[in-house]
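Read through the structure below, which is laid out as structure tokens, and then see the notes.
Derivation of every value follows stated rules applied to the coordinates shown; laboratory data play no part. This structure is a prediction, so every number in the text was calculated from the model and none was measured. Neighbour counts are summed over all protein chains in view; Cβ atoms, including those assigned to glycine, are modelled from backbone coordinates with ideal geometry.
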Ligand code: MV4
């Protein structure tokens, strides 16, 4: 049994984990940076420890301070969430060595999957299909050209320490291989401190599909179908759905089988995700394994009736997987929109500011996993995710309709969010057809990214104006005549109007 779990994270995922702990009768300890003193995840926890200044390296990435906080508060386990320390093998190891339970996989599994050529060798040995290419590192540019000749063009040079698209270069000729080798290697050195590079055949127009797995410490491994994650921009996912419009029961069983073998081959324990590319002919290839809880886990929870964080806690406590028998079938359809503090009409530029008013959508089939409230300050120290809007429907069309309705209900006043972009995706013909791939965003028409005034903008402006008027009245400043000194409140109103593209005198 676990009694107290320290949650080494912030924002929506920290809150999600605190909630799971409370449902299991476990106390939750929050940690926070100076920027997060009054953050929702801190208020929700049973105890909280300040780590240090806002920069992540001084707070959420500070292993010593986090371990000290766990010892001091008598925690018996640490849940890393995603990002930050979640996939640092040395952190999992340090947690284990401190006599605490790491709510996640063994450090050995993180390490094996973190080195991409080792992962490819292991997958090939376990019968998991990998993209044709090298399973050893490339010594130099000559070796890269030689390997490319064997694999056939086009090829993709990849960082062995990589993930997330850093240190990748497409090459269609031997000259491009030489150039790409150097570029990928130096980019990888900068990003990961390791310039090792290998190459794969470049798969054109693939879909990005991942399989959710759960494994207990007794060797039982099972999967919960796929998540379709192809709607992304520069490796940041924007919309996820399950089931994938491209996956039928037969393909699901084959990919699920491969994912289970992948997990077994590294002695995996806890929740994990096996990523695949699915090419237009229906062939799938192992890409990498994410050895953590993922942002988009809720869509799987809704369609498979499983609480993935609860299962992580039970597995970490040494309990057996106790789940309905297979075959598991998806029920209905779920979609997630990642609501970020970004301006979708200005290249998704991250924005900052205070949330003047926040209201989450509610009602049938709607779930909001968020980490913000009215008054929250959004800065640039951490990623721009404000929360995730997740819906369930009896089928894909009803899930889409429900998402449109929920997006219209969501109210975030005070800064730009990705919400209007998502509203348009939910009306986009290519999205609605289900026939899209990872190039969706590069190929969408300008209409999807063009700033116009939508009904929800009008609603937000009205709320912002009302709030401004309210604050202005108590500050005894007349907004109506524009007299008096400019206050934070009327700036907010102007900001909202400006953001919506309104002109004023
Ligand atoms: C690929 C690929 C095409 N062919 N590998 C991008 C991030 C990293 N996880 C692997 N990635 C890719 N690997 C081969 N052999 C295309 C991508 C890719 C991609 C994959 C998933 C989701 C979005 C993507 C966007 C661009 C490229």
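Using the alpha-carbon atoms, what tilt in degrees (0 to 90, nearest 10) does helix 174-192 show relative to the longest principal axis of the chain?
Result, in degrees: 60.
Percent of alpha carbon pairs in region 132-201 separated by more than 17 Å?
Beyond 17 Å sits 27 percent of the P(r) for region 132-201.
For the chain, take the longest principal axis of its alpha carbons; what is the angle in degrees between that and the long axis of helix 11-23, to the nearest 10 within 0 to 90?
80
Estimate the FRET efficiency between residue 35 and residue 72 by the formula 1/(1 + (r/R0)^6), using the beta-carbon distance for r and 25 Å for R0, to the nearest 0.05.
Between residue 35 and residue 72 the formula returns 0.70.
Using only the Cα atoms, what convex hull volume per residue in Å³ does region 235-334 have?
118
Specify whether the C-alpha gyration tensor of region 63-177 places it in the rounded, prolate or oblate class, a ≥ b ≥ c being the square roots of the eigenvalues: rounded for a/c under 1.5, otherwise prolate if a/b is larger than b/c and oblate if not.
The shape class here is prolate.
Given the convex hull of the Cα atoms of the chain, what is a quarter of its surface area in nm²?
Across all orientations, the chain yields a mean hull projection of 24.7 nm².
Largest first and in whole Å, give the semi-axes of region 209-448's equivalent ellipsoid, each being the square root of 5 times a Cα gyration tensor eigenvalue.
Largest first, region 209-448 gives 30, 21, 17 Å.
Using only alpha carbon pairs under 8 Å that are at least six residues apart, calculate the relative contact order of region 35-138 and give it in whole percent.
16
As I understand it, the value is the acute angle between the Cα axis of helix 455-474 and the longest principal axis of the Cα atoms of the chain; what does it come to in degrees, rounded to 10?
50
Given Cα pairs under 8 Å that are at least 6 residues apart, what percent is the relative contact order of the chain?
After rounding, I find 12 percent.
By the gyration tensor of its Cα atoms, with a ≥ b ≥ c the square roots of the eigenvalues, what is the shape of region 350-443: rounded for a/c under 1.5, prolate for a/b over b/c, or oblate?
It is oblate, given that a/c is not under 1.5 and a/b is not larger than b/c.
Convex hull volume of the Cα atoms in region 4-103, per residue, in Å³?
Convex hull of Cα atoms, per residue: 78 Å³.
Using a 7 Å offset from the Cα along the Cα-to-Cβ direction at both residue 166 and residue 194, what is the distance between the two label points in nm, to one decimal?
1.2
Roughly how many Å is it from the Cα centre of region 8-43 to that of region 165-184, as a whole number?
42
Please work out the FRET efficiency for the pair residue 90 and residue 322, using the Cβ-Cβ distance as r and a Förster radius of 35 Å; give the result to the nearest 0.05.
0.65
Tell me, what is a quarter of the convex hull surface for the C-alpha atoms of region 257-299, in nm² with one decimal?
The orientation-averaged projected area of the Cα hull of region 257-299 comes to 3.6 nm².
How would you classify region 30-73 from its alpha-carbon gyration tensor, with a ≥ b ≥ c the square roots of the eigenvalues: rounded for a/c under 1.5, else prolate if a/b is greater than b/c, otherwise oblate?
It comes out oblate by the Cα gyration axes.
Grab the Cα-Cα distance for residue 175 and residue 310, subtract it from 0.36 nm times how many residues apart they are, and report the gain in nm with one decimal.
Gain in length upon complete extension: 43.5 nm.
If each of residue 283 and residue 3 carries a label point 7 Å out from its Cα toward its Cβ, how far apart are those two points in nm?
The modelled label-to-label distance comes out at 5.6 nm.
Where does the chain land at 222 nm, in deg cm²/dmol rounded to the nearest 500, when only DSSP H runs of n ≥ 4 count, each adding -39500 (n - 2.57), divided by all residues?
-11000 deg cm²/dmol
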